[in-house]
Amino acid sequence: EEVIVFLRRGCWRLRGVGMLCVREARRRLAFAARGAGLGFGCGGGAISNRNKTCALRREVRARTRRRTLFSVDAKAAPDESPAAAEVPWYISAVKFCAACGGAIDVKRGDAHDPSVRPVCSVCSKITYVNPKVVVGSVCVTQNKERVLLCKRAIPPVGKWTLPAGFMEMGETSLQGAQREGREEANAEVSEGPLMAVYNIVGAGQVQLLYLCTLLNESSIASGAETQDVRLFAWSEIPWSELAFPTVEHALRFAIQHLEHPTFAPQTLTKMPDGSFM
C-alpha cells in the first residue's frame, strides 16, 4: 500500500518511490484513489469536485496517522530515534501533536541540538516541553509580626502553604503572585521585592516568591483550593505540617530579612533526588 506524507519543503513522498514533485504525487494519488473506488480523476489538473477533495484529504490524514512515517533517505533524516532509557518522562508523556493531532515520534536532533524532542509524524512540528513558572508571596502583616498561610484543599490535602500557583498568560510574575493571594485567601497584598527563586528540576518548575505586605487582615477568607486561612505568629508556624520544603525555606529566609529592606533573593535548586543546592 502506498502511503503519503507531506514534508516541509512542499513535496509528497510515496513509500518506495522516493521524492516526487507535487504534480506527479497528485497524479499517482488520484490513480490509487480511483482504484480504491473514490472516483478521482487522473492528471495534474485541479480536482473539480469539492467533496472529493475533502474526502482525499481525510484519506491522507487517516493513512498518515495510522503509521509513523519519516523520510527513508538517511541523508534527509540524519537524526536517530533514541533508546527508551534515554527518553525523559516529560517527553514520553507527549502523545499527540498540538497543531494537527498527529501521532508523536521521539527523535534526537542534529549536532547543533542533540536533545531528545517529540516530533509530529504528520506535520514534523516539534513540541517543546518547558518548565512551568510558579508565582507566590510571603504575605506579612503591616506590623511584621504574623504571616499568612493557607491550608490546602488539594493534594497534599491539609498541609499549610503559601498562596501560590502557576503564572498565567498576560500577567507579570508579581501580578500573578497578587492574583494567587486573592484567589486562595481573598488577600490583597502590596507590591514587594522578589524574595526567592527556586528551581525544582524534578517537577519542571521555576518558583518566584515575593515578600509582600497584607493589606486586608480582617477580611481574608478561604478560596476554592483552600480549607482554611490563618495568620500565624512567627513562633507558631506549624513547621512539621508544611506542604513543601520550599515553603519552609521561604519562611525561614523571610524571618531573617524582615528588617532588611534591601537583600539579594535566595536562589536554591532542588534536584530530582530531593537534595537542595
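The values are calculated or read from the model by the stated rules, or taken from the named source; none is laboratory data. As the structure is a computational prediction, the values presented were derived from the model and not from experiment. Cβ coordinates were reconstructed from backbone atoms using ideal geometry, including for glycine residues, and neighbour counts include every protein chain displayed. Protein only, heavy atoms only, side chains kept; ligands, DNA and RNA dropped before computing areas. Shrake-Rupley method; radii C 1.70, N 1.55, O 1.52, S 1.80 Å.
For segment 131-171: of the residues being outside any loop (DSSP other than H, G, I, E, B) and among the hydroxyl-bearing types (Ser, Thr, Tyr), which is nearest to LEU231 (Cα to Cα)?
Applying the first criterion (outside any loop (DSSP other than H, G, I, E, B)) to segment 131-171 yields 132-140, 146-152, 160-161, 164-166.
Of the ones still in play, those that are also among the hydroxyl-bearing types (Ser, Thr, Tyr) are 137, 161.
Numbers: SER137: 14, THR161: 12 Å.
Per the criteria, the residue is THR161.
Residues in segment 226-252 that are touching a residue at least 12 places away in the same chain (Cβ under 8 Å) and farther than 28 Å from ALA264 by Cβ: THR226, GLN227, ASP228, VAL229, ARG230, PRO238, GLU241. For LEU174, the criteria (1) in a strand (DSSP E or B); (2) touching an Asp or Glu at 6+ places or on another chain (Cβ under 8 Å) hold in every case but one, which is (1). Contact annotation: residue pairs with Cβ atoms under 6 Å, 6 or more positions apart or on different chains, pairing a residue in segment 193-213 that is at pLDDT 95 or above with a partner that is small (Gly, Ala, Ser) and surrounded by fewer than 18 Cβ atoms within 10 Å (Cβ to Cβ), are LEU208/SER173; CYS212/SER190; THR213/SER190. With respect to ALA62, determine if the residue is at pLDDT below 90, out of contact with any strand residue (DSSP E or B) (no Cβ under 6 Å at 6 or more places or on another chain), open to solvent by 80 Å² or more (accessible area, probe 1.4 Å) and outside any loop (DSSP other than H, G, I, E, B). When the stated conditions are applied, ALA62 does not pass them.
Within segment 101-132, the set of residues being surrounded by fewer than 16 Cβ atoms within 10 Å (Cβ to Cβ), farther than 23 Å from VAL206 by Cβ and of a type in the set (A, V, I, L, M, F, W, C) comprises just one member, ALA111. For the condition charged (D, E, K, R) and open to solvent by less than 70 Å² (accessible area, probe 1.4 Å), ARG179 qualifies.
Scanning segment 221-243 for residues that are open to solvent by 70 Å² or more (accessible area, probe 1.4 Å) and either more than 33 Å from the chain's Cα centre (by Cα) or closer than 11 Å to ALA185 by Cα (or both) yields ALA224, GLU225, GLN227, ARG230, SER235, GLU236. Go through the residues of segment 263-277 one by one and say whether even a single one is open to solvent by less than 60 Å² (accessible area, probe 1.4 Å), without any contact (Cβ under 8 Å) to a residue 60 or more places away in the chain and of a type in the set (A, V, I, L, M, F, W, C). No: segment 263-277 contains no residue that is open to solvent by less than 60 Å² (accessible area, probe 1.4 Å), without any contact (Cβ under 8 Å) to a residue 60 or more places away in the chain and of a type in the set (A, V, I, L, M, F, W, C).
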